[in-house]
Structures are given as structure tokens and as C-alpha cells.
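The next block holds one structure in the form of C-alpha cells; read it before the comments.
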Amino acid sequence: MTDAVGPVFTGGFEEFVVNDEQGQQYTILYLPDRNNDHLQREGKPPVYYWVPGQVRLARFGDVGDFKFRHIHFVGVLDEQTHVGVEGRAEVVGGLLSFTTTSRYPTSVLQQAEQQVLAKFRGDDDRYWGWRSQAAPMFRIAPIRDNRTAITNLAPGADGTAPAENIPTTAGALTGVGGVGGASGGGASGGGVPPGRTRSLVRRADLNRKVIHGRAINRSTLDAWAWNLQGQGPGSVTGGENAYAGLIGQYPSELIWAGFKGGASPIVAAQHLILPMWSQEIWLKITGEWDRIFQHFSAHANARYLWFSADIKAEFNQLRINGDIQVEMAIDGTLPGAEKMQEQIDKRVDMVLQRFMDQATQRIFEPAPPEVKPAKASSGGIFSSIFGGGGGLALKYRRDEQHLNLHYEETRYQRYLQPTTISSSFEGFYNEIKDDPEAERKYFTRLIMGEIGRKVTRIVKPVVNWPDPAKDWVGEPAAFLSAEIGYPDHTGNKQWLSHVFQSTDTTDQSNWTPAFARREENEVSNAPADWKPDVAYVRRRVHLSEPMGMTDNPFVKVDVEKNVVDIDPEGGVATTDQILEVRADSVGKLEVGPIDIDVVLQDNTQVVTVEFKAEGRKIDGSERPVVKFQWNNDDQDDSRYWEIFTGQPDYVPRYKYRVSVNVKGTLFSAGMAWTGPWIEGQGNGPLMVHVPKPDDEGVRTRRLAPRALALEAPRVGEAVEDGQPAVPLPPGGEPEPAEPDVGAPPGGREVRARGEGGGETLSGYDFRGESRMSPPPGEEEPAGERTERSSNMTDRPADHGVLEELSGKNGWNQL
């Protein structure tokens, strides 16, 4: 029973040219099975094998897209915007992946098979002919080993690209014998010494130190990196081989430009080992036994026994004489075939073996048992055939044997045939050339970091921390707090919090919270105002208790709310990268430095300024009046007025009023005047205008006893703007409304209006003009004295003892 055993080279090979649907041409090589003749004699179909002839890019199906992708990536990554990055990094390179196959498209194979059938139908060739009724079978030629390689685009140290990394197959693929135990030669892998390989790719140096931190500003991928995985052992069934790997900037750009510019920069190769059959030797021996017997009889010389050495010598003589004809054919396609003839001539034992098989049946018979074996030479091929060292005797009888000598044998050998196929993917280039839109399917430029981004905020406190050495420097902030929120996959805000204190170092005062960025389709029930780059901020200012109003005459601070929420409870949606937590975001009124625009000449001159902030406190109460006073000794020191309202929408508006007091002496009256309320707004420095006594809206009074009585509040009444009431006289009732002040003891009350509009009361002259009488012992200028005398209607001779009314101390006995 005969079976197909594999392709044979003896019958030659046939090539057929076929075009596919796109017009691309394929040349397919076929080989017949060694046993095709015997198979068809038994009614079995012949078998034909197609041999892989090229490497091409695989497709999805026969006409689908190519299995090829090239991503050229570039990116500048920063720790503020990308997850897993320290400092700053730049990266550039490529990701290349493609799949190759050595199998022809199905439609191409079908066309080629029809050409084979058409050519050999009815042919009587022992290998190629198709003479049976059974339809032939088509198979891929068996592949013992496949080593794949991709050209290296990275130069070596000497500037050249290294050879393919094809390991030797010696030893692993040899020793495949054929009929009769012959062995074939092994493939050497393109001449690479056994056990050694040559580098195929240049890899990035993974042992090199990788720089991290803020100093990094370069790509860690080698610019010439070329490391495609998938090279080495490949498919032995004509299947697909996939390759993928990271490549450096330069190879990536070469591939990008090469496929678009006219030449493929990539060559894929497959180094195949194919087991083949070959007709190693065809041997034919012919002759006439009569002539052979006569030859031996003529040389017997009365010898009764023939031994192996004698027969071998006579056989060679028969070949020379032409009595025995030996025909031999050797397949020249076998490795080492040129030396096979020489080897066979030296080894005539094989031919002698066949001759002796025939001769023992025709002209020789074993010697009788009585013949001693010692008389026949031993050893050689006959020892193994006939046993021992026995000789042979002629037995040929002419009257019974008249046959011709005929022997024919075909000997096959199976060996390993190396072959290499490669391709530069021209078909792929042609498709891109014909359809520029197809380029987008295969080539992509990627900006790195898009899916690895994070949402980062930099939160910084802005606060003038109080200076313990200077009570008026700084803000009464105990600490500041901030919270940053970002929704999780359910839409709930996840909050990160941080506290800023005056003792923080520089690094601690910079808070950088971060969240992995989510896309809109990754969050369900997201807040209505949320977008992937939106985060929520919640800030608070925690204030200390303020100083007392009398603790520092130069600084007045009021804290109306100790914990101030800058943002609402749910936070404020923002895309700002940098956020500030400002202590003055609590609705702060800050007026200062405050100075006056006059120079006080001595300690008798005092300026008092009253301040009142507009609006009401959070609890609805009215804001109080705050006073500052300037004296001659401290008039160069600025004043500061601050209110922390806790109302973020507060608009700083206020008003102030100036009062001037010039102190009198025991013998001269003083003066006082008060200006109108002045509106002010905004924070910052303020220069207070001190009005003159005769400015519009100024109320003037003299600090003499009667002036005090006229200008002072009524006893027991509240004064303007929340001033305390004048205290009652000790143990007494309030004075009657009229008269305001009685006559001095022992005197009489006189009321008269002078020419100057002044009023003379109880012997004192109070004029509308603002001036003072000279101190005792000084002469008054003549003009003034005359004018003054003419305006006085009465002057008591004896002043007596006066009781003076003070708005602060009440009645005092002088």
C-alpha cells in the first residue's frame, strides 16, 4: 500500500504565474510527490505541493485591510498634568506592529491549481502526470523549520546595520535519512557557525541610569532603538507571524517617510528548511549469464572453489570486457552530488552485493561440507551473506540455464533543503499610493499623555501672618484651610483637604492635590456644572481673637466672625490651575496707614478722628464708632483700622469725622471745633484732612467756662453718635433748662448783644469770631483793645469764684 511521502526534486519543478484581483502578480512553484506513479497505479490521487515563494503582509481575509499599524508618538509630560511623572519629561518614538504570511491568497492558489491540472492531465510522466480518475490533491510543501527576521534600521557601533539573527540549525535539523539509511545534509543558517548568532536589533541600554526629578528634560527611549518582538522561530504551516515593538525616533520617522515616499524601509525574511526527496542513485546491471559462466570457466584453471576476492577481481574484469554492463545515474541537485560518483566508484561493494545475489542463483553453489573452510578466504561482504568463510563452486549447466542478467534499482534520499524568501511589502506601498485616504488606517500620530492626564490644582495661601514683635503688622489669621473636590464614578465629590499655618516651610505652603482625570462617560450622575477639567474648591479663613480696643492706640482691629467660609458648602467649580486662599477674602475693611495733614505744634493741640464702618454685622447689629487721637508726641506714627466682617461680598465703605481741641490754661480759654462727617470707601492709606475753624460745616466752640456751658451737652443727656451722657452733679438733680448757666456768685446776670454779634454773659464776652484774650500780664494790641472795649456792655468788677462745667467730670468746685 503506497502513501504520499513528500515532494521530490528529481522530476523538476514547475512555476505558474497568476494575477490577483488587484492585478498583483504571483509566481508559484510546484513539486510532485515522490510516489505519484505508484499512487495512481493503486487508483489513488496524485499529490502536488506548492512551495512558499514570498513573504507578504497578511490581511484580514484575502482582500481586507492589511495587518499593519504604525503609531508615531511625541509628548511633553509634566508632573502637574500627567500621572506617574516626576518633574518634566519629553518622549518621542514609535510603536510598530505588523503580521506577515508566506501563504498565497486563496484565489491565487485556485487559479494556479487549475493551470497545473490543465498542463498535466493525461501526461505519462512518472512524477507529474495525472492519469487516474481521482482528483489531484494540493498541499503546502512540508516545512521542517522556519526562522523569521526583520531588517534592522539601527546602525551598529561601526555605523552599519548588523546581519540577520539566524541561529544555526546544524545538528538540530540533520540526520534525516532516506531509503537505505542515507543521511542528508543540514542547513547551516546562512553560514553562521554552530551555536553562535549575530545581533539583529539594537536595544536601548536598560542598565543606563534613568534620571528622575525636575532636572529631567529628555526622552529615556534611545533615538535608534529597534526592538521588534516576534523574530526567531516562525510558522511551519504557512501561517502568520506577528511582530511588534517600540522603536526610536529615527527608525519611526524613516518608516513613516519610507512607506509614503516610494520605498519600503522594512524587509521581512523567512529562512525555511524543507524536507525533500531526491532520486539519489539509479543503478542498472545487465549481462548474459552464458558469457559470464564462460568467463569464470575459462579462468577456473581446474579450481573447484571460488572465493570472494577471486569473484571481485573477475567481476571487474567482466565490466571492462563489457560482459557485464553497469549503468548508474546520480541526482546532481543533492548537496555534494559532485563527489558522489567518486564515492560510489570506490565502494563497489554495493554493486557486488547485487551481482552476488544474482550469481548465487545462476552459476555458483555452496561448496560441499567436506571442503575445509580454511581453504577459502574469509571476511568481506560474502562472509555476511553466506556465513563463515566458505567458498563457492560453479554449478551452471547450459542445458538448463539460458537467462540474461538484469538488475535495476532506484535509490531515493531525503534531505533538508534550505531556502530563504523575503519581501519589502511592495503591495502595501502600492495600496497606500493608490488610495491616500488608506494611510490614516495604518499611520497615526499620537500626542502622548492624553489618557494619562490628571486634574491638578496648586493651592497657595496669601496671608500676612501676624508679627509677634509688631502687633499692627499682619492679619489675625490662626490658619487657613482649603479643600479640593473631584467626582468619582458615581458623581459624588471626593474631597482632599489641607491646612496652612504660619510655621509652614516653603514646600508645605504649596499644596498640589491631584485626581486622575475622568471623561464625561466615566461619571454617572455628575454635577450639572462639571466637566472633565473642572474641580471644586472650598476655602476657609480661621481668625484669632483680636486685640482689645485699648491694647494699641495705633491699631484698631475687630473680628466679627472667627471662621469665615470663602466658598459655599458645595464648593466652587473652577478650571483654574492656581488657587489662592486669601485672608482678606473674608470681607475685610483695611484703612491704613492713616495720617493727618497738619503738624501739631505743641502738646496743647489734639486731633481726634472718629471712624464708623457702613453696614451691619452678620448678626444684624450695628458697627461701633472707632476713635484715633493724634498728639504732638505721636503725630508721626500712622494709625491702622481693620475690620474682618466675614462677609465675602462686603464693600469697604466708611465715614469719619475730625475734632480739634486746643487746650487752654488757668488764665486763658481754649478752643475746639468739629468738622462734618466725610464719606470714604476702599481699603488702603488715608490722609485725613483736618478742617480749619472757619471751614464750611465746622462747629466751633471756645473752651472758657461759659463756652463750656453753652457747648457742653445737657446734664443727663446722651450726646451725638453714641457718646456717653454727661453725668449728674453729685447728689443733685439736673439743672433746669433755663438759664443754661447762672451768674457767677455775687454777680448779676447780664445778656446783651454786642456790635460784633457776640454775647456778653455774666461779665464775659463771647463773640462769634474765634479768638482768645491775651494771657494775664500781657497787653492787648490797641486796635483790638479798642474794638473789644466797644463791644463789651458790662464787665463786673469782681469776678468772684466760678463753678466750671465739664462734660467729662460734671460739676467741680474750683
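The values are calculated or read from the model by the stated rules, or taken from the named source; none is laboratory data. Because the structure is a prediction, the values reported are computed rather than measured. When we count neighbours, we look across all protein chains shown, and the Cβ atoms used for this are built from the backbone with ideal geometry, even at glycine. With ligands, DNA and RNA removed, areas are computed over all heavy atoms of the protein, side chains included. Shrake-Rupley method; radii C 1.70, N 1.55, O 1.52, S 1.80 Å.
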Residues (in contact (Cβ under 8 Å) with a residue 40 or more places away in the chain, of a type in the set (K, R) and closer than 30 Å to P32 by Cα) located in segment 66-122 = R103, K119
What do you reckon, is Y640 open to solvent by 40 Å² or more (accessible area, probe 1.4 Å), touching a residue at least 24 places away in the same chain (Cβ under 8 Å) and of a type outside the set (A, V, I, L, M)?
-> yes
Would you check if there is a residue in segment 672-684 being assigned to a strand (DSSP E or B), small (G, A, S) and over 20 Å from K556 (Cβ atoms)?
-> yes
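Yes/no matrix, rows are residues, columns are (1) on the phi > 0 side of the Ramachandran plot; (2) surrounded by 16 or more Cβ atoms within 10 Å (Cβ to Cβ); (3) not in a strand (DSSP E or B):
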{"residue": "G12", "(1), (2), (3)": "yes, no, yes"}
{"residue": "L39", "(1), (2), (3)": "no, yes, yes"}
{"residue": "V63", "(1), (2), (3)": "no, no, yes"}
{"residue": "G84", "(1), (2), (3)": "yes, no, yes"}
{"residue": "T99", "(1), (2), (3)": "no, yes, no"}
Any residue in segment 705-724 that is loosely packed, with under 12 Cβ neighbours inside 10 Å, modelled with pLDDT of 85 or more and among the acidic types (D, E)?
-> no
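Here is a yes/no grid of residues against (1) surrounded by 15 or more Cβ atoms within 10 Å (Cβ to Cβ); (2) within 47 Å of the chain's Cα centre (by Cα); (3) more than 30 Å from T444 (Cβ to Cβ):
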| site | (1), (2), (3) |
| --- | --- |
| H72 | yes, yes, no |
| G93 | yes, yes, no |
| P105 | yes, yes, no |
| A135 | no, no, yes |
| I140 | yes, yes, yes |
| T151 | yes, yes, no |
Taking into account only those residues within segment 570-603 that are at pLDDT 90 or above, open to solvent by less than 50 Å² (accessible area, probe 1.4 Å) and within 30 Å of G675 (Cα to Cα), which is nearest to the chain's Cα centre (by Cα)?
-> V591
Within segment 228-243, how many residues are assigned to a strand (DSSP E or B) and either free of Cβ contacts under 8 Å to residues at least 12 places away in the same chain or open to solvent by 20 Å² or more (accessible area, probe 1.4 Å) (or both)?
-> 4
Just wondering, is there one or more residues in segment 462-485 that are surrounded by 13 or more Cβ atoms within 10 Å (Cβ to Cβ), assigned to a loop (DSSP other than H, G, I, E, B) and on the phi > 0 side of the Ramachandran plot?
-> yes
Would segment 647-670 turn up any residue that is at positive phi and either buried (at least 20 other Cβ atoms within 10 Å of the Cβ) or not in a loop (DSSP other than H, G, I, E, B) (or both)?
-> no
Which one is surrounded by the fewest Cβ atoms within 10 Å (Cβ to Cβ), of the residues in segment 14-37 that are of a type in the set (A, V, I, L, M) and either touching a residue at least 40 places away in the same chain (Cβ under 8 Å) or within 27 Å of A244 (Cβ to Cβ) (or both)?
-> V18
Name every residue in segment 485-529 that is closer than 22 Å to H82 by Cβ, polar (S, T, N, Q) and free of Cβ contacts under 8 Å to residues at least 40 places away in the same chain, in order of residue number.
-> Q494, N521
Test result for I643, assigned to a strand (DSSP E or B) and more than 24 Å from R540 (Cα to Cα) = no
Residues in segment 533-548 that are open to solvent by less than 40 Å² (accessible area, probe 1.4 Å) and either part of a loop (DSSP other than H, G, I, E, B) or in contact (Cβ under 8 Å) with a residue 60 or more places away in the chain (or both): how many?
-> 7
Answer yes or no: is there a residue in segment 423-446 that is in a strand (DSSP E or B) and surrounded by 19 or more Cβ atoms within 10 Å (Cβ to Cβ).
-> yes
Only residues that are open to solvent by less than 70 Å² (accessible area, probe 1.4 Å) and among the small types (G, A, S): list them for segment 517-532, please.
-> S524, A526
Go through (1) over 19 Å from G53 (Cα atoms); (2) at pLDDT 90 or above; (3) more than 23 Å from the chain's Cα centre (by Cα) one by one and return the number of the condition N241 breaks.
-> (1)
Name the pairs whose Cβ atoms lie under 8 Å apart, with the first residue in segment 553-569 and open to solvent by 70 Å² or more (accessible area, probe 1.4 Å), the second among the small types (G, A, S), and 6 or more positions between them or separate chains?
-> K561/G646
Of the numbered conditions (1) closer than 24 Å to D584 by Cβ; (2) open to solvent by less than 50 Å² (accessible area, probe 1.4 Å); (3) part of a loop (DSSP other than H, G, I, E, B), Q508 satisfies every one except a single condition; which is it?
-> (2)
